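The values are calculated or read from the model by the stated rules, or taken from the named source; none is laboratory data. None of these values were measured; they are calculated from a predicted model. Neighbour counts run over all protein chains shown; Cβ positions are idealised from the backbone, glycine included.
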Amino acid sequence: MSDREMTGAEIVLKALEDQDVEVIFGYPGGAVLPIYDALFGQNALRHILVRHEQGATHAAEGYARSTGKVGVVLVTSGPGATNAVTGLTDALMDSVPIVCLTGQVPTHLIGNDAFQEADTVGITRSCTKHNYLVKDIADLSRILHEAFFVARSGRPGPVVVDLPKDILMAKAAYKNHASAQHRTYRPQLKGEQKAIEAAVDLLGKAERPLVYFGGGVINSGPAASQLLDQFMHMTGFPCTATLMGLGGFPASDPQFLGMVGMHGTYESNMAMYHCDVMLNIGARFDDRVTGLLSEFSPGSKKIHIDVDRSSINKSVRVDVPIVGDVAHVLEDMIRVWKARQASQGTEALRPWWERIAEWQARDCLRYDQGDKVIKPQYAIQRLYEATKDRETYITTEVGQHQMWAAQLFKFEKPNRWMTSGGLGTMGYGFPAAIGVQVAHPDALVIDIAGEASFMMNLQEMSTACQHGLPVKVFVINNLYMGMVRQWQELLHGGRYSESYTSALPDFVKLAESFGAVGLRADKPNQVDDVIAEMIAADGPVIADIRVDPEENCFPMIPSGAPHNKMLLGPADSGETPISEEGMVLV
Amino acid sequence: MTDENVARHTISILVDNEPGVLARVIGLFSGRGYNIESLTVAEVDAADALSRITVVTSGTPMIIEQIKAQLGRLVPVHRVADLTEDGPCVERELALVKVSGSGEKRVESLRIADIFRAQVVDSTNESFVFQMTGSTEKLNAFIDLMGPLGLVDISRTGAVAISRGRDPF
């Protein structure tokens, strides 16, 4: 009850309960023993013990991204907190709501180089949306609730709450601030009416419109996807998604042109270059999408809907900025569109659609599957075919397999696709899949992984086995860090420096050593059977799919090139030199 | 960064007076490569625990807009104002300038201080410390003149500014 005296540790658990937290991902240590003691024997909160704190943060990300809820992490001081930094930075870059509770040495020892002490607040200041150090037990309840508010409001992000051990053992009355807002931080959700009207006017007269949507549609909640669907069918426009936006609009819909960007489809990038009005819904004009900024979509007027004011006019000048939450703005935009009867009708857009069809005819994602060597695209496409009719969640690691998964999987709904976009963290996918499986115990959850990425967090296999989480790891094993090798081939004269993954384990034996199932496919005619066996298995599976080691991922906008100059296949790479300026870009 | 359109702006930020807030603001500038020409901070409202940070920065209009937007979305920031752009403002800085000299140079330094209406806040047989308040340009001019007259050291506060008229900020 709210006025009873509790220890700090009990206050933490009570606050989590009042915030409707059901699961926390964590790893114990000296500084957080009081919380672990309070967790012992209680059933309200489920604790998932990971094997590395980085795994806890990525699991919380997978949980958050697949549910829309705030993911919660509990780690100890010092190395526990520093091990969480990568996951926090990943959550910041991809706008994932996380609250990370870190232990800390007692207040009187802070700054004294105590055992397992780190300046957590200092270290995480630039990699979190906000952070707190609790110095007084009287502030604990308020800070915990405020952390959740900050994590989920406006543009979501990670929040760290640093908890000194003496605070956890002190006593105070608990106050339920669950519905409290921050006194000044009030993100703007509703877009300015004038701007929305100006946007509708522009779109209504457009001859070559394009909708470009991103992670903001997913973060805004399920209503945003429904409103986007309504908007798209109302206007008849073509649309494209960023890596983070996939699933925001059904991929099988003919109005969807595929993903846009460095490894996006030819038709998406060409449509973006040649459009006359571009509507950016919840995306941030990331450099993977824009290519050379000075030649980005030169003839178009741009409308940008974003809840984060600082994202607008950051790298690309837009003509109609609209600060607001995607769902709120789309709702208003639909109303204005209908009131003004802005639609020109399907005939008006026919020439544009015909042009798009010509680009689509290039069939940029095609590949040749023979019968000797498995092509990575084939493996991923067969996986899609086998899973498309059931409730499937896909996470990926980072690299070529990630791009092929984004190109070849069709996501019809939001929150089914979890990937590390902004930070591009190898080792993200497997722990994230664990987090997704915890949230959706009956669903099929698959981590599409490269073998190099999977090596980074494979210790989490123990976590999956402990908690009965039947995550399937679909390893696209090409013996190299594929994307690095591709760049070394195209930009560095084929000098494959340190990109060969030597001394790989036998993945089948590795899975079995954990008590999981291990499968392998070497030949194209084995792929379907391995996929079926993987899906049918009751527990966690590692499927080692041995693919063509030197397959490259196309289309590709080479770094420093404008986004209409794509390499479409191996034949293109010889002719297009990469400029000096392009070479220095990541 | 090219020189076209690069301008100096004085940004005034009202923040929660909490440990770490200043570090957060400075971290924003350094993390994103924005320039800090000067920075000053002090509590301005004890009851509500608010401080004002005044930063002088420079950049193109697009960069300045970014800086303001990035500052605005920090959780402990209440309000961001661009005093250079928002309307007429008063801007002042304080400097303590130590000059050591004898004979003609000593006399000349006193005379120039008089012209600039600086005050002498410390004097020995061989040195003076002058206290100067005024616009940044005025301080720069004074310090330049002290250069050949035995300038030893300078301590400056950085600009503080406030809008003219009756509205807050």
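Could you please give the count of residues in the stretch A:197-226 that are in a helix (DSSP H, G or I) and under 27 Å from A:Asn415 (Cα atoms)?
Count: 10.
Any residue in the stretch A:270-293 that is without any contact (Cβ under 8 Å) to a residue 24 or more places away in the chain and within 14 Å of chain B (Cβ to nearest Cβ)?
yes
Filter the stretch A:298-352 down to the residues that are outside any helix (DSSP H, G or I) and aliphatic (A, V, I, L, M) and list them by number.
A:Ile303, A:Ile305, A:Val307, A:Ile312, A:Val316, A:Val318, A:Val320, A:Ile322, A:Val323, A:Ala342
Against the definition (basic (Lys, Arg), closer than 25 Å to A:Ser315 by Cβ and either touching an Asp or Glu at 6+ places or on another chain (Cβ under 9 Å) or at pLDDT 95 or above (or both)), how does B:Arg106 come out, yes or no?
Considered against the rule, which asks whether it is basic (Lys, Arg), closer than 25 Å to A:Ser315 by Cβ and either touching an Asp or Glu at 6+ places or on another chain (Cβ under 9 Å) or at pLDDT 95 or above (or both), B:Arg106 comes out as no.
If I ask for residues that are outside any loop (DSSP other than H, G, I, E, B) and either in contact with a helix residue (DSSP H, G or I) (Cβ under 8 Å, 6 or more places away or on another chain) or surrounded by 14 or more Cβ atoms within 10 Å (Cβ to Cβ) (or both), which ones from the stretch A:179-196 would you list?
Selection gives A:Gln193, A:Ala195, A:Ile196.
Test of understanding: among B:Val6, B:Val56, B:Val90, which residue is within 18 Å of B:Ser135 (Cβ to Cβ) and loosely packed, with under 15 Cβ neighbours inside 10 Å?
Going through B:Val6, B:Val56, B:Val90 in turn, just one is within 18 Å of B:Ser135 (Cβ to Cβ) and loosely packed, with under 15 Cβ neighbours inside 10 Å: B:Val90.
Among the candidates A:Ser502, A:Ser497, A:Ser579, which residue alone is loosely packed, with under 15 Cβ neighbours inside 10 Å, under 30 Å from A:Thr463 (Cα atoms) and out of contact with any Pro (no Cβ under 6 Å at 6 or more places or on another chain)?
A:Ser502
Mind checking which helices (runs of 4 or more DSSP H) fall wholly inside the stretch B:1-93 and carry at least 1 residues that are away from every other protein chain (no Cβ under 12 Å) and in contact (Cβ under 8 Å) with a residue 24 or more places away in the chain?
Counting at least 1 such residues, we get B:83-86.
May I ask you to list the residues in the stretch A:299-337 that are touching a Phe, Trp or Tyr at 6+ places or on another chain (Cβ under 6 Å) and more than 14 Å from chain B (Cβ to nearest Cβ)?
Matches in the stretch A:299-337: A:Leu330, A:Ile334.
Considering the stretch A:279-295 alone, what residues qualify as being over 21 Å from A:Met93 (Cα atoms) and buried (at least 22 other Cβ atoms within 10 Å of the Cβ)?
A:Leu279 - this is the single residue of the stretch A:279-295 that is over 21 Å from A:Met93 (Cα atoms) and buried (at least 22 other Cβ atoms within 10 Å of the Cβ).
Going by what's in this entry, would A:Leu140 be described as at pLDDT 95 or above and either in a loop (DSSP other than H, G, I, E, B) or within 20 Å of A:Asp20 (Cα to Cα) (or both)?
Answer is yes for this residue.
Being touching a residue at least 24 places away in the same chain (Cβ under 8 Å) and either within 14 Å of chain B (Cβ to nearest Cβ) or in a helix (DSSP H, G or I) (or both) is the filter here, so list the residues in the stretch A:353-364 that pass it.
Across the stretch A:353-364, the qualifying residues are A:Trp353, A:Arg355, A:Ile356, A:Trp359, A:Gln360.
Report, by residue number, each residue of the stretch A:449-462 that is in contact with a strand residue (DSSP E or B) (Cβ under 6 Å, 6 or more places away or on another chain) and surrounded by fewer than 23 Cβ atoms within 10 Å (Cβ to Cβ).
Passing the criteria: none in range.
Residue-by-condition table, conditions (1) surrounded by fewer than 20 Cβ atoms within 10 Å (Cβ to Cβ); (2) within 11 Å of chain B (Cβ to nearest Cβ); (3) without any contact (Cβ under 8 Å) to a residue 24 or more places away in the chain:
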| site | (1), (2), (3) |
| --- | --- |
| A:Asn112 | yes, no, yes |
| A:Thr120 | no, no, no |
| A:Asp139 | yes, yes, yes |
| A:His145 | no, no, no |
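Residue-wise test of (1) modelled with pLDDT of 95 or more; (2) buried (at least 21 other Cβ atoms within 10 Å of the Cβ).
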| residue | (1), (2) |
| --- | --- |
| A:Ala464 | yes, yes |
| A:Leu469 | yes, yes |
| A:His492 | no, no |
| A:Leu510 | yes, no |
| A:Gly515 | yes, no |
| A:Pro558 | no, yes |
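Identify, from the list A:Lys135, A:Lys165, the residue that is facing another protein chain (nearest Cβ under 10 Å), modelled with pLDDT of 95 or more and more than 27 Å from the chain's Cα centre (by Cα).
A:Lys135
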